[in-house]
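What follows is one structure encoded as structure tokens, with my remarks underneath.
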Amino acid sequence: MSIPRGPLLLALGVTLFFDLLRVFLPSLITLFGRAGETPPELMGLYAAVWFVLPFLAVLLRPRWALLGGAVLLVVARLLLQAGVGQLYVASAGVTAALVFLYGCARTMPRAWVAPGIMGGLALSFVVHFLLDGVDLVWRDGPLPWLAGVAVCAAFLALTWLYRPAPGEPAPWSVWLLAGPVMLLAGMSATGQRPSGSPELEWLFTAPVVMALVFAPYQATRPPRSAWSAIGFAALLLAGFLHPVFLVIGASALLAVPGRTARRPGAAMLSGGLIFFAGLFLYYAAYDLNLGFPNVLVPAVVAVTIAGVSLSGYFRNPPPRYDLGAIWPVFAVAAAVALLVSATTFQTAPAASAKQGGTLRLIAYNIRMGFGLDGRLSLDRIAAWAAAQRPDVVLLSEVDRGWLLNGGHDDLSRIARPLGMRYYFAPAADPLWGDAILTNLPTKSLNSTPLGRHDYPTGAQAQTMVVEVGGRELAIVNTHLQAPAGQAPEVAELAELAGKLIAQGRPVVLAGDLNLRPGDPGMRVLEQAGLSDPLIAKGDPPTSPADAPKERIDHVLTSANVILDAVAVPSLDYSDHLPVVADLRITDASR
């Protein structure tokens, strides 16, 4: 069995495209937008420019578009590995990747397109899983450089050696659907996490990896009957249940659409615009009230893929490009899934009782794990936190797989070096929220929605009762999202804290409250029985991290919790500074 160079070239191009996307998208938020300081409309306009510029490729000969796009794509990828001009280099690299794909659309025969696109998605996300979600571009040292250079060299060599092969050109609808398929695959591949213990993570990753490895093979064997085509469409539409269904359905349906091959390059660029529009609408819903739930976006995209594919199928049943028997592919898929599971598996540490009535607590808004320089800082956060030897870590703005932020599971990546159990509390959606990490014995745990109150993201209050020196301590971890008009959220939070205090337990409420010590909301919390002991310790500012001027990150305590010491170290791992508090539980009220 031999694989032509064309599908390999296209697969590497799609892989490099996603390498750049996983830098471009979070850079758009953290560097251009500074995580909320820039209107989302302006960020969307900036991003749209780089998806519109590739339409200038229609002025080039197809061969020159393919060669020029490939060279610029490689230059951008290597510059990002060097940490040069992250935002603008990644932006230009996305444009270069789309120009390269335009050249592919104008020169590649039909049989190569679907397996090449699905092969690129498979390679990109399988490697992403093997690297535990931290791509090579975020890693320092010679080995990431060596691997990156090797991939880029292979890509350039295939580009130079590539010559269009005879055969029926791909229909325009195949290339139009490439963007929507990549959008759904990108959002879903890292977009679901098990709600239970970390030991169950393999139940998510292993089936997804097997489906991805099968995807390019399945793309060479589109359905041969109407009922099987409808069955694959049903699998695609069931993708919200598990990414496996989406990947299987998409890989089959992408190879289906009809025979008309007019303007495949323009169709590919239009598919890129659909990719951008769907991505922007879905994630903008967390900052803007769009008037409809954002879950409609992937649903509409999936229905569009199914509709275009089925309409093409019934007009012209597709040909096959057979890669051979299925059993070798199955063996490879199982082996890769086993390898990914082995490299990412982690067990939850056992609970560990603490003697005495003292504990060290860290409260940190980690901004999805991206530092002030825009680079992924999860490992730096974990190493710093581990050096503090905390008993409890409270995290805000925890992302567990948004494509917008690169598809990282912040929580498991930070918890592993700390050797701590983690407990996630969704706020915006099942992948975005707050978390508590601790090995203290846990008596109870729950999350209370605080209500959106016209703010799309919403907030929650994660409450955990732990045992410290034989006594129970209630910890409330929260992130109040809206600095203005958040009175309803503060009132709900104060009511929750008041109930815990009335039960006779010591209480600590901490997190990014987006409140200053003198704000009216703080008085509401004080009336519930909480105090702000950091004022007596110098009232250290926590935001913004590069020039802190105000304290909006807090550790509030009830009457029988004493703050012995506090530190707010100057770190550039987020746009907030962490608060490290040494607390002591007493029997007497202050």
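The values are calculated or read from the model by the stated rules, or taken from the named source; none is laboratory data. Since the model is a prediction, treat every value here as computed from it, not as a measurement. A quick note on method: Cβ atoms are made from the backbone with ideal geometry, for glycine too, and the neighbour counts reach across all protein chains shown.
Quick notes on this one:
- Looking only at residues in the stretch 478-500 that are among the hydrophobic types (A, V, I, L, M, F, W, C) and buried (at least 18 other Cβ atoms within 10 Å of the Cβ), the one that is farthest from Asp429 (Cα to Cα) is Leu500.
- Residues that are surrounded by 15 or more Cβ atoms within 10 Å (Cβ to Cβ) and of a type in the set (D, E, K, R) were ranked within the stretch 334-379; the one that is farthest from Val466 (Cα to Cα) is Arg375.
- Members of the stretch 542-564 found to be outside any strand (DSSP E or B) and either touching a residue at least 40 places away in the same chain (Cβ under 8 Å) or aliphatic (A, V, I, L, M) (or both), listed by number: Ala545, Asp546, Ala547, Ile552, Ser558, Ala559, Asn560
Conditions tested, residue by residue: (1) among the hydrophobic types (A, V, I, L, M, F, W, C); (2) at pLDDT below 95.
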| site | (1), (2) |
| --- | --- |
| Ser531 | no, no |
| Leu534 | yes, no |
| Asp546 | no, yes |
| Thr557 | no, no |
| Asn560 | no, yes |
| Leu571 | yes, no |
| Asp582 | no, no |
| Thr586 | no, yes |
| Ser589 | no, yes |
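- Scan of the stretch 405-431 for residues that are closer than 20 Å to Gly371 by Cβ and surrounded by fewer than 21 Cβ atoms within 10 Å (Cβ to Cβ), ordered by number: Ser412, Arg413, Arg416, Pro417
- Under the condition of being modelled with pLDDT under 95 and among the hydrophobic types (A, V, I, L, M, F, W, C), the residues counted in the stretch 469-485 number 3.
- Cβ pairs under 7 Å, 6+ apart, first in the stretch 565-584 and assigned by TED's automatic domain parsing to the domain that holds Ile362 and under 22 Å from Val468 (Cα atoms), second aliphatic (A, V, I, L, M) and not in a strand (DSSP E or B): Val566/Leu534; Val579/Val568
- The single residue among Phe330, Phe314 that is modelled with pLDDT of 75 or more and surrounded by fewer than 14 Cβ atoms within 10 Å (Cβ to Cβ) turns out to be Phe314.
- Residues satisfying the criterion are absent from the stretch 143-160 (criterion: touching a strand residue (DSSP E or B) at 6+ places or on another chain (Cβ under 9 Å), assigned to a helix (DSSP H, G or I) and either assigned by TED's automatic domain parsing to the domain that holds Arg263 or in contact (Cβ under 8 Å) with a residue 40 or more places away in the chain (or both)).
- Flag if Val476 is in a strand (DSSP E or B) and more than 30 Å from Pro293 (Cβ to Cβ): no
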